[in-house]
Amino acid sequence: MTITPATEGQSIPIPILARGKDWLVVDKPAGISVHNMPGQDVCSLVSAFVEEDGSFSGQGDGEKDSGVSPVHRLDKETSGILLLATTAEAFRFFSRQFESHQVQKRYIAILHGRLAAPQGDDSWGTWDRALTKSAGGRRHPEGTGRRRTAETLYRIMDYSTHYTMVEIELHTGRKHQIRRHAKMAGHAVVGDTRYGSKRAADYLKKNLDFSRLALHAQALTLQIPERTEPDTIVTSEVPGQMLELFKNDPES
(Lines give C-alpha, C1' and ligand atoms only; values in the text may rest on other atoms or scores of the structure.)
Protein backbone atom coordinates (compact mmCIF):
# COMPACT_ATOMS: atom_id res chain seq x y z
CA MET A 1 0.00 0.00 0.00
CA THR A 2 1.24 3.53 -0.78
CA ILE A 3 -0.07 6.79 0.68
CA THR A 4 0.60 10.40 -0.35
CA PRO A 5 0.40 13.04 2.43
CA ALA A 6 -1.08 16.27 1.14
CA THR A 7 1.68 18.44 2.59
CA GLU A 8 4.57 16.32 1.34
CA GLY A 9 3.69 15.77 -2.30
CA GLN A 10 5.53 12.43 -2.37
CA SER A 11 4.56 8.79 -2.18
CA ILE A 12 5.42 7.12 1.13
CA PRO A 13 5.02 3.34 1.35
CA ILE A 14 3.33 1.95 4.45
CA PRO A 15 3.72 -1.86 4.30
CA ILE A 16 0.99 -4.04 5.77
CA LEU A 17 2.74 -6.74 7.79
CA ALA A 18 -0.32 -8.72 8.92
CA ARG A 19 -4.09 -8.37 8.85
CA GLY A 20 -7.33 -9.92 10.00
CA LYS A 21 -10.99 -9.14 9.44
CA ASP A 22 -10.97 -6.25 11.94
CA TRP A 23 -7.28 -5.42 12.55
CA LEU A 24 -4.03 -4.81 10.71
CA VAL A 25 -0.37 -4.24 11.53
CA VAL A 26 1.61 -1.70 9.51
CA ASP A 27 5.25 -0.62 9.35
CA LYS A 28 5.01 3.08 10.18
CA PRO A 29 7.62 5.36 8.59
CA ALA A 30 9.53 7.77 10.82
CA GLY A 31 8.25 11.34 10.81
CA ILE A 32 4.53 10.56 10.47
CA SER A 33 2.20 10.93 13.46
CA VAL A 34 -0.05 8.05 14.45
CA HIS A 35 -3.02 10.39 14.94
CA ASN A 36 -4.01 14.02 15.68
CA MET A 37 -3.13 15.23 12.16
CA PRO A 38 -6.26 14.49 10.11
CA GLY A 39 -5.52 13.66 6.50
CA GLN A 40 -1.80 13.27 7.16
CA ASP A 41 -1.47 10.86 10.09
CA VAL A 42 -1.28 7.07 9.88
CA CYS A 43 -4.80 6.46 11.16
CA SER A 44 -6.53 8.63 8.59
CA LEU A 45 -4.27 7.49 5.73
CA VAL A 46 -4.68 3.80 6.53
CA SER A 47 -8.41 4.37 7.07
CA ALA A 48 -8.72 5.52 3.46
CA PHE A 49 -7.07 2.28 2.32
CA VAL A 50 -9.34 0.19 4.58
CA GLU A 51 -12.47 1.90 3.23
CA GLU A 52 -11.35 1.31 -0.36
CA ASP A 53 -10.38 -2.31 0.32
CA GLY A 54 -13.85 -3.12 1.66
CA SER A 55 -12.95 -6.44 3.29
CA PHE A 56 -12.47 -5.17 6.85
CA SER A 57 -15.20 -5.23 9.51
CA GLY A 58 -16.45 -2.05 11.16
CA GLN A 59 -16.24 0.37 8.28
CA GLY A 60 -19.14 2.79 8.26
CA ASP A 61 -20.61 1.49 11.52
CA GLY A 62 -19.89 4.69 13.42
CA GLU A 63 -17.72 3.03 16.07
CA LYS A 64 -14.59 5.06 15.32
CA ASP A 65 -14.53 8.42 13.61
CA SER A 66 -11.11 7.80 12.02
CA GLY A 67 -12.05 4.36 10.64
CA VAL A 68 -9.12 2.74 12.43
CA SER A 69 -7.77 3.17 15.96
CA PRO A 70 -4.23 2.60 17.27
CA VAL A 71 -4.07 -0.03 20.00
CA HIS A 72 -0.73 1.22 21.35
CA ARG A 73 1.54 4.27 21.08
CA LEU A 74 4.44 4.94 18.75
CA ASP A 75 6.22 8.30 18.73
CA LYS A 76 6.10 10.34 15.53
CA GLU A 77 9.91 10.13 15.26
CA THR A 78 9.95 6.33 15.70
CA SER A 79 9.41 3.92 12.83
CA GLY A 80 8.11 0.38 12.90
CA ILE A 81 5.29 -1.89 13.96
CA LEU A 82 1.91 -0.35 14.73
CA LEU A 83 -1.25 -2.33 15.50
CA LEU A 84 -4.57 -0.83 14.38
CA ALA A 85 -8.14 -2.00 15.00
CA THR A 86 -11.15 -1.36 12.77
CA THR A 87 -13.82 -2.31 15.34
CA ALA A 88 -14.37 -1.59 19.02
CA GLU A 89 -14.39 -5.33 19.72
CA ALA A 90 -10.93 -5.83 18.20
CA PHE A 91 -9.66 -2.74 20.00
CA ARG A 92 -10.79 -4.16 23.36
CA PHE A 93 -9.38 -7.62 22.58
CA PHE A 94 -5.87 -6.29 21.92
CA SER A 95 -5.98 -3.53 24.54
CA ARG A 96 -6.56 -6.08 27.30
CA GLN A 97 -3.31 -7.81 26.33
CA PHE A 98 -1.34 -4.57 26.53
CA GLU A 99 -2.95 -3.63 29.86
CA SER A 100 -2.09 -7.04 31.38
CA HIS A 101 1.50 -6.90 30.03
CA GLN A 102 1.04 -9.96 27.82
CA VAL A 103 2.51 -8.26 24.76
CA GLN A 104 6.24 -8.35 24.03
CA LYS A 105 7.67 -5.33 22.19
CA ARG A 106 11.15 -5.37 20.65
CA TYR A 107 13.02 -2.37 19.24
CA ILE A 108 16.31 -1.70 17.47
CA ALA A 109 18.17 1.51 18.37
CA ILE A 110 21.49 3.13 17.55
CA LEU A 111 23.02 4.91 20.53
CA HIS A 112 25.81 7.45 20.78
CA GLY A 113 29.09 6.11 22.12
CA ARG A 114 30.15 2.65 23.23
CA LEU A 115 27.61 1.23 25.67
CA ALA A 116 29.27 -1.26 28.00
CA ALA A 117 28.07 -4.84 27.61
CA PRO A 118 26.09 -6.23 30.57
CA GLN A 119 28.15 -8.19 33.08
CA GLY A 120 27.50 -11.83 33.84
CA ASP A 121 26.29 -14.72 31.75
CA ASP A 122 23.02 -13.06 30.74
CA SER A 123 23.50 -11.00 27.58
CA TRP A 124 20.63 -8.69 28.56
CA GLY A 125 21.13 -5.62 30.72
CA THR A 126 18.43 -3.60 32.48
CA TRP A 127 17.66 0.11 32.81
CA ASP A 128 15.19 0.45 35.66
CA ARG A 129 15.31 4.02 36.90
CA ALA A 130 11.83 5.35 37.66
CA LEU A 131 10.22 7.85 35.29
CA THR A 132 7.33 10.28 35.54
CA LYS A 133 4.20 9.64 33.51
CA SER A 134 4.78 12.74 31.39
CA ALA A 135 7.79 13.29 29.15
CA GLY A 136 10.99 14.78 30.48
CA GLY A 137 13.69 16.79 28.72
CA ARG A 138 17.39 16.88 28.02
CA ARG A 139 18.33 18.20 31.47
CA HIS A 140 15.86 16.10 33.46
CA PRO A 141 14.89 13.06 31.36
CA GLU A 142 13.39 11.35 34.41
CA GLY A 143 10.79 14.13 34.55
CA THR A 144 9.50 16.14 37.48
CA GLY A 145 6.85 14.98 39.93
CA ARG A 146 5.77 11.51 40.97
CA ARG A 147 7.86 8.77 39.36
CA ARG A 148 6.70 5.31 38.41
CA THR A 149 8.45 2.01 37.88
CA ALA A 150 10.04 1.67 34.45
CA GLU A 151 12.02 -1.26 33.08
CA THR A 152 13.90 -1.45 29.78
CA LEU A 153 15.98 -4.46 28.78
CA TYR A 154 18.82 -4.06 26.26
CA ARG A 155 21.24 -6.33 24.42
CA ILE A 156 24.36 -5.25 22.52
CA MET A 157 24.10 -6.22 18.86
CA ASP A 158 27.19 -4.54 17.42
CA TYR A 159 29.60 -1.63 17.75
CA SER A 160 30.88 0.87 15.21
CA THR A 161 33.47 3.56 15.85
CA HIS A 162 31.03 6.09 17.30
CA TYR A 163 27.84 4.11 17.92
CA THR A 164 26.31 1.06 19.59
CA MET A 165 23.45 -0.87 18.00
CA VAL A 166 21.15 -2.46 20.57
CA GLU A 167 18.08 -4.63 20.72
CA ILE A 168 15.57 -3.43 23.30
CA GLU A 169 12.63 -5.04 25.05
CA LEU A 170 10.10 -2.94 26.95
CA HIS A 171 8.57 -4.29 30.16
CA THR A 172 6.69 -1.06 30.95
CA GLY A 173 5.29 1.66 28.72
CA ARG A 174 6.24 5.09 30.01
CA LYS A 175 6.23 7.97 27.54
CA HIS A 176 9.55 8.16 25.63
CA GLN A 177 10.81 5.38 27.90
CA ILE A 178 13.62 4.10 25.65
CA ARG A 179 14.82 7.59 24.79
CA ARG A 180 14.78 8.72 28.43
CA HIS A 181 16.51 5.62 29.77
CA ALA A 182 19.17 5.77 27.05
CA LYS A 183 19.88 9.40 27.90
CA MET A 184 20.09 8.61 31.62
CA ALA A 185 22.56 5.81 30.80
CA GLY A 186 24.79 8.36 29.05
CA HIS A 187 24.12 7.04 25.54
CA ALA A 188 21.29 8.99 23.93
CA VAL A 189 19.54 7.63 20.85
CA VAL A 190 21.13 9.01 17.69
CA GLY A 191 19.07 11.80 16.14
CA ASP A 192 17.14 12.54 19.35
CA THR A 193 16.83 16.33 19.52
CA ARG A 194 14.72 16.24 22.70
CA TYR A 195 16.93 14.14 24.97
CA GLY A 196 20.20 13.98 23.06
CA SER A 197 22.52 16.54 21.53
CA LYS A 198 20.83 18.92 19.10
CA ARG A 199 24.27 19.84 17.83
CA ALA A 200 25.03 16.21 16.98
CA ALA A 201 21.66 15.79 15.26
CA ASP A 202 22.23 18.95 13.22
CA TYR A 203 25.69 17.70 12.21
CA LEU A 204 24.29 14.36 11.01
CA LYS A 205 21.54 16.07 9.05
CA LYS A 206 23.90 18.56 7.39
CA ASN A 207 26.85 16.28 6.68
CA LEU A 208 25.38 12.78 6.37
CA ASP A 209 21.80 13.52 5.33
CA PHE A 210 20.58 11.64 8.42
CA SER A 211 17.42 13.34 9.61
CA ARG A 212 15.53 10.81 11.71
CA LEU A 213 15.49 9.24 15.17
CA ALA A 214 17.51 6.00 15.14
CA LEU A 215 14.78 3.99 16.87
CA HIS A 216 12.72 1.29 15.16
CA ALA A 217 9.94 -0.91 16.57
CA GLN A 218 10.95 -4.24 15.04
CA ALA A 219 8.73 -6.95 16.54
CA LEU A 220 5.45 -7.46 18.36
CA THR A 221 4.45 -10.74 20.03
CA LEU A 222 0.79 -11.08 21.01
CA GLN A 223 -2.32 -13.24 20.76
CA ILE A 224 -4.14 -13.01 17.46
CA PRO A 225 -7.91 -13.69 17.32
CA GLU A 226 -8.78 -17.32 16.48
CA ARG A 227 -5.18 -18.48 17.09
CA THR A 228 -4.21 -20.84 19.92
CA GLU A 229 -0.63 -19.58 20.39
CA PRO A 230 0.86 -16.06 20.40
CA ASP A 231 2.22 -14.79 17.08
CA THR A 232 5.32 -12.67 16.50
CA ILE A 233 5.01 -10.04 13.77
CA VAL A 234 8.33 -8.65 12.52
CA THR A 235 9.25 -5.85 10.14
CA SER A 236 11.16 -7.03 7.10
CA GLU A 237 14.36 -5.16 7.95
CA VAL A 238 15.92 -2.31 9.91
CA PRO A 239 15.36 0.98 8.01
CA GLY A 240 18.07 1.60 5.42
CA GLN A 241 18.98 5.05 6.71
CA MET A 242 19.82 3.58 10.13
CA LEU A 243 21.87 0.73 8.66
CA GLU A 244 23.80 3.04 6.34
CA LEU A 245 24.71 5.38 9.18
CA PHE A 246 25.99 2.48 11.27
CA LYS A 247 27.84 0.61 8.51
CA ASN A 248 29.42 3.74 7.03
CA ASP A 249 30.53 5.17 10.39
CA PRO A 250 34.08 6.46 9.73
CA GLU A 251 36.98 5.40 11.93
CA SER A 252 37.83 8.99 12.80
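Looking only at residues of the stretch 134-155 that are touching a strand residue (DSSP E or B) at 6+ places or on another chain (Cβ under 6 Å) and at negative phi, we find that the one that is surrounded by the most Cβ atoms within 10 Å (Cβ to Cβ) is Tyr154.
For Ala150, only one of the following conditions fails: (1) within 15 Å of Glu77 (Cα to Cα); (2) assigned to a loop (DSSP other than H, G, I, E, B); (3) among the hydrophobic types (A, V, I, L, M, F, W, C). What is its number? With (1) within 15 Å of Glu77 (Cα to Cα); (2) assigned to a loop (DSSP other than H, G, I, E, B); (3) among the hydrophobic types (A, V, I, L, M, F, W, C) applied to Ala150, the lone miss is (1).
Of everything listed in (1) closer than 21 Å to Ser33 by Cα; (2) under 16 Å from the mean Cα position of the chain (by Cα), the single unmet condition for Thr172 is (1). Taking residues in the stretch 88-103 that are over 16 Å from Ala219 (Cα atoms), and partners anywhere that are among the charged types (D, E, K, R) and in a loop (DSSP other than H, G, I, E, B), the pairs with Cβ atoms closer than 6 Å and at least 6 places apart or on different chains are Ala88/Glu63; Ala90/Asp22.
Take the conditions (1) within 14 Å of Glu77 (Cβ to Cβ); (2) touching a Pro at 6+ places or on another chain (Cβ under 9 Å); (3) open to solvent by 20 Å² or more (accessible area, probe 1.4 Å); (4) among the basic types (Lys, Arg); Arg179 misses just one of them, which is (3).
Could you tell me whether the stretch 164-172 includes any residue that is closer than 20 Å to Asp249 by Cα, open to solvent by 20 Å² or more (accessible area, probe 1.4 Å) and not hydrophobic (A, V, I, L, M, F, W, C)? Yes, that holds for at least one residue.
The values are calculated or read from the model by the stated rules, or taken from the named source; none is laboratory data. If you're wondering where the values come from, they're calculated on a predicted model, not measured in any experiment. Ideal geometry is used to build each Cβ from the backbone, glycine not excepted, and the neighbour counts take in all protein chains shown. SASA here: full protein model, heavy atoms, side chains in, ligands and nucleic acids out. Shrake-Rupley method; radii C 1.70, N 1.55, O 1.52, S 1.80 Å.
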